[in-house]
Amino acid sequence: MIDFLELRLLRLPLVRPFETSFGRVASRTIVLVTVRGDGLEGWGESVADADPLYSGETVDTVWRAIERYLAPRLLAAPIADARDLGERFRAVRGHHMAKAAVEMAVWDLQARRDGRPLSALLGGVRAAVPSGVSIGIEASVDALLERIAIERAAGYQRVKIKIKPGWDVGVVERVRGRFGDDLPLMVDANAAYQPGDRVLEALDAQGLLMIEQPLAEDDLVEHAALQRRLRTPICLDESVDTPADMAAAVALGACRIVNIKPGRLGGHAASIAVHDRCVAAGIPVWHGGMLESGIGRAHNLHLASLPGFTLPGDIAASERYFQPDLIEPPIRVAADGTVAVPAGPGIGVTIVPDRVERATERRLATTARARGGSH
Ligand code: OSB
Ligand code: MG
């Protein structure tokens, strides 16, 4: 029986600023969710950004959606299984990142109660997952090349670089020039291109593993037209918010690969549904990243241990993002470019209370009794 939910707003400076086609972030604002019941605790992390750039959700909408709609529904009646939360939250449209933060906390609690690692409950089959690295837009191409050299030396199995108009074909050519055609390389445009842009055809000659989200998130038809013109697989990220989106994308031929992020999809259960449909359709998936702290990162590792995650994910070591991370031990990449799935109960990492406390800017506790709210 879950009888307590706490929200915290944290600000954590990033080790290095991260720049994409929609902007640059120097720190992460994170909503952390803690649920308690039966003397146990579970933790979840929202991936929403401060501003509505990657998605319409923000830190503020996540906070408000949980406070006003999701926490009251969670606390209203006992929940036998985290799988039932989808149904409980169904009347609340959208707000996937908010739902995911709560749902994932409940999964953690459930796995701790069972004394098993979360991966075992989700259907994971791997003790370690292949890891790639996502590198932002840098101040110069030389700086990017240095970055790639550093990350390759750390062992990461593939390199993803962010692109935008003006930072694309020329940059990829220089990366190929320095690292050769054998470097497993992909690009992520975060929806920055227009359907007629010739640049995407030019990228087709670069032997990329895939081109991630080249066009607008709501435009499956143009992605399908583009995929027909390209040999390089298109991977969708922002365009796939639900299992139905995924089915539509595959039916239209809008992509050949899908990026799964539990935050975007509304939690682990929805992610498993997308994973299962992709496996059935022969679509490879990989696990994306949203610059999570070790709490969200640990959740991602458990999910990425499912059998369909055959391509390296954006689940890199803690030290690339936060020093120190909120957890101990930090998440590390092995020399073979894999990251171990934590083996302890739940998400299997130890959350360091002092670090959470120091980064907390705001908190709100809700209990089953005092769950009133103003509506
Ligand atoms: O599009 O995959 C993306 C980070 C923030 C928002 C969107 C994306 C990303 C990344 C970083 O690519 C992945 C990571 O290292 O966590
Ligand atoms: Mg992406």
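Has region 116-123 got any residue that is of a type in the set (Lys, Arg), modelled with pLDDT of 95 or more and closer than 30 Å to residue 362 by Cα?
Applying the first criterion (of a type in the set (Lys, Arg)) to region 116-123 yields 116.
Narrowing further to those that are modelled with pLDDT of 95 or more: 116.
Next, from what is left, pick out any that are closer than 30 Å to residue 362 by Cα: none.
No, because not a single residue in region 116-123 is of a type in the set (Lys, Arg), modelled with pLDDT of 95 or more and closer than 30 Å to residue 362 by Cα.
Out of all the residues in region 237-249, is one or more over 19 Å from residue 55 (Cβ atoms), in contact with an Asp or Glu (Cβ under 8 Å, 6 or more places away or on another chain) and surrounded by fewer than 16 Cβ atoms within 10 Å (Cβ to Cβ)?
As a first pass, look at region 237-249 and keep what is over 19 Å from residue 55 (Cβ atoms): 247.
Pick out the ones that are also in contact with an Asp or Glu (Cβ under 8 Å, 6 or more places away or on another chain) and you get none.
There is no residue in region 237-249 that is over 19 Å from residue 55 (Cβ atoms), in contact with an Asp or Glu (Cβ under 8 Å, 6 or more places away or on another chain) and surrounded by fewer than 16 Cβ atoms within 10 Å (Cβ to Cβ).
Is it the case that residue 154 is more than 19 Å from residue 135 (Cα to Cα), aliphatic (A, V, I, L, M), in the same structural domain as residue 270 (by TED's automatic domain parsing) and touching a residue at least 24 places away in the same chain (Cβ under 8 Å)?
Working: more than 19 Å from residue 135 (Cα to Cα): no; aliphatic (A, V, I, L, M): yes; in the same structural domain as residue 270 (by TED's automatic domain parsing): yes; touching a residue at least 24 places away in the same chain (Cβ under 8 Å): yes.
Considered against the rule, which asks whether it is more than 19 Å from residue 135 (Cα to Cα), aliphatic (A, V, I, L, M), in the same structural domain as residue 270 (by TED's automatic domain parsing) and touching a residue at least 24 places away in the same chain (Cβ under 8 Å), residue 154 comes out as no.
Being more than 30 Å from residue 12 (Cβ to Cβ), of a type in the set (D, E, K, R), in a helix (DSSP H, G or I) and away from ligand 1 (no atom under 15 Å from the Cβ) is the requirement here; does residue 276 meet it?
Here the answer is yes, as residue 276 does meet what is asked.
Residue by residue, here is whether (1) within 16 Å of ligand 2 (Cβ to nearest atom); (2) within 18 Å of the chain's Cα centre (by Cα) holds:
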residue: 36; (1), (2): no, no
residue: 39; (1), (2): no, no
residue: 43; (1), (2): no, yes
residue: 47; (1), (2): yes, yes
residue: 53; (1), (2): yes, yes
residue: 67; (1), (2): no, no
residue: 90; (1), (2): no, no
residue: 96; (1), (2): yes, yes
residue: 104; (1), (2): no, yes
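Could you run through region 278-337 and say how many residues are within 16 Å of ligand 2 (Cβ to nearest atom), in contact with a helix residue (DSSP H, G or I) (Cβ under 6 Å, 6 or more places away or on another chain) and closer than 30 Å to residue 354 by Cα?
3
Condition (residue is without any contact (Cβ under 8 Å) to a residue 12 or more places away in the chain, under 22 Å from the mean Cα position of the chain (by Cα) and under 29 Å from residue 104 (Cα atoms)) applied to region 229-240: is it met by at least one residue? It would help to see each step written out before you state the result.
First, the residues of region 229-240 that are without any contact (Cβ under 8 Å) to a residue 12 or more places away in the chain: none.
Checked region 229-240: no residue is without any contact (Cβ under 8 Å) to a residue 12 or more places away in the chain, under 22 Å from the mean Cα position of the chain (by Cα) and under 29 Å from residue 104 (Cα atoms).
The values are calculated or read from the model by the stated rules, or taken from the named source; none is laboratory data. Just so you know, these numbers come straight off a predicted model, no measurement behind them. As a convention, Cβ positions derive from the backbone with ideal geometry for all residues, glycine included, and neighbour counts pool all protein chains shown.
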